[in-house]
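Structure first, commentary second.
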Amino acid sequence: MATRWGLCGAGKISHDFSVAMKTLPPGDHQIVVVASRSMERAKDFAKKHGIPKAYGSYEELANSTDIDIVYLGVLHTEHWRVGLLFLKAGKNVLCEKPFAMNSTQVKDLIAAAKKNNVFLMEAIWSRCFPVHAEVRRLLAEEAIGEVKLVKTYFGSPQLHISRSVEKELGGGALLDIGVYCLQFVLMVFNGERPESIQATGVLLDSGVDESVVVVMKFSRKRMAFCAFSIAARLPNDAVISGTKGSIKVLGPMHCPTTLVVNDKETEYPLPEPSLPLNFTNSTGLCYEAEEVRQCLLKGLKESPRMPLADSVLLTEIMDEIRKQVGVVFSQDSQ
């Protein structure tokens, strides 16, 4: 039986997700419905992607009986409210990153998933890429000895995009792209909580972070360094340095196709898209979709690649970084 997907949101990421799904066997995955707050948008999207059904409200999707999982691709300021709608309706949910605006909201979502006994995963698609699977394998084998330092960079000039710069839309570098740097560090250190976090950054006039540098210290004298910016182009790579060598994930590190281990380079090509994409390497969303399918087939309520505990820790770290840098969202006082 194919895993039947319902898409919540008819924006750019839902478009790319639909294109990525076309690279998977139709016997395994089918998008059966798309929901938008605008029926017209939903119908246009459904027509473009060959989706049989369209809804003009999220409530209709929550009440739908012919889906196995909801892909939540709305603005992240809405993740908490809309996520709770689906979880309380007993729906499995794959929620785009960042999971929510702060760790309180993330814990609410997880509590609702547990109460209703449904699957929930934060869509950190990076974790499902073949390159990241290989990185985890190499680390488990201690291929570069003991890891001493992890460095990650992600910078993309996007000050012209309102979603990136406006506080009401959850803007700023941290929640949009810094999350990828931090999740990579947590993956390398197996979801361990850092002993200390030091963050400094510069803010835009709107009160969101433009560029941030984070240094974290972990047990056994291990360190991590992250730099991310929505004003500057950075190398967008990640380097893991150990006592016996290094692993380098070439840019774009959040959706990578090239891995360099002790100067030996390996390519992991992506499936070809059938339609133009909005974001880099988006056909790689197929890996995340397949991970969800495998979890559902096994009856799991969370993904071992992106466990809910990692999502909680990730958001708690982001809360602390925002506190140090001085970014406050209205959701923080709710």
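The values are calculated or read from the model by the stated rules, or taken from the named source; none is laboratory data. Keep in mind it's a predicted model, so treat the numbers as computed, not measured. Glycine gets a Cβ as well: all are built from the backbone with ideal geometry, and neighbour counts include every protein chain shown. Accessible surface is based on the protein model in full, side chains and every heavy atom, while ligands, DNA and RNA are left aside. Shrake-Rupley method; radii C 1.70, N 1.55, O 1.52, S 1.80 Å.
Data overview
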{"quantity": "Gap separating the Cα centres of the stretch 73-135 and the stretch 223-237, nearest whole Å", "calculated": "25 Å"}
{"quantity": "Choice from Asp16, Asp176, Asp66 with maximal GNM fluctuation in the chain (Cα, 10 Å cutoff)", "calculated": "Asp66"}
{"quantity": "At R0 = 56 Å, FRET efficiency that the Cβ-Cβ distance of Lys217 and Leu275 yields, to 0.05", "calculated": "0.80"}
{"quantity": "Selection of GluC sites (Glu not before Pro), the stretch 136-186, meeting DSSP coil and at most 12 other Cβ within 10 Å", "calculated": "Glu141, Glu142, Glu146"}
{"quantity": "Long-range amide H partners of Ser57 with built H, under 5 Å", "calculated": "Ser36"}
{"quantity": "As computed over the stretch 3-124, the Cα convex hull volume per residue (Å³)", "calculated": "91 Å³"}
{"quantity": "Ellipticity estimate at 222 nm from DSSP helix runs (n ≥ 4, -39,500 (n - 2.57)) divided over the chain, nearest 500", "calculated": "-9500 deg cm²/dmol"}
{"quantity": "Accessible area of the chain divided out per residue, in Å², using a probe of 1.4 angstrom", "calculated": "42 Å²"}
{"quantity": "Amide H contacts under 5 Å for Asn92, placed H, 5+ residues apart", "calculated": "Val70, Phe119"}
{"quantity": "Table column - 3J(HN,Hα) (Hz), the stretch 165-173, Karplus curve with 6.51, -1.76, 1.60, x for Gly and Pro", "calculated": "10, 8, 5, 4, 9, x, x, x, 5"}
{"quantity": "Within the accessible area of the chain (1.4 Å probe), percent carbon and sulfur", "calculated": "52 percent"}
{"quantity": "Where trypsin sites (Lys or Arg not before Pro) fall in DSSP loop in the stretch 244-292, at most 15 other Cβ within 10 Å", "calculated": "Lys244"}
{"quantity": "For the stretch 81-90, Karplus couplings with θ = phi - 60° (6.51, -1.76, 1.60), whole Hz, Gly/Pro x", "calculated": "5, 6, x, 4, 4, 6, 5, 5, 8, x"}
{"quantity": "For the stretch 171-330: rounded, prolate or oblate by the Cα gyration tensor [a/c cutoff 1.5]", "calculated": "rounded"}
{"quantity": "Whichever lysines have a C-alpha closer than 26 Å to that of Lys301, once near sequence neighbours (fewer than 8 apart) are set aside", "calculated": "Lys22, Lys88, Lys91, Lys97, Lys107, Lys114, Lys115"}
{"quantity": "Among Pro307, Pro25, Pro252: highest mean-square fluctuation, GNM of the chain, C-alpha pairs under 10 Å", "calculated": "Pro25"}
{"quantity": "Cut-off under 5 Å, modelled amide H: who pairs with Leu149 long-range", "calculated": "Met223, Ser241"}
{"quantity": "Length added when fully stretched, Ile161-Lys115, from 0.36 nm per residue minus Cα-Cα", "calculated": "12.8 nm"}
{"quantity": "Vicinal HN-Hα couplings computed from phi for the stretch 136-144 (Karplus, 6.51 cos²θ - 1.76 cosθ + 1.60; Hz; Gly/Pro x)", "calculated": "4, 5, 4, 5, 4, 7, 6, 5, 10"}
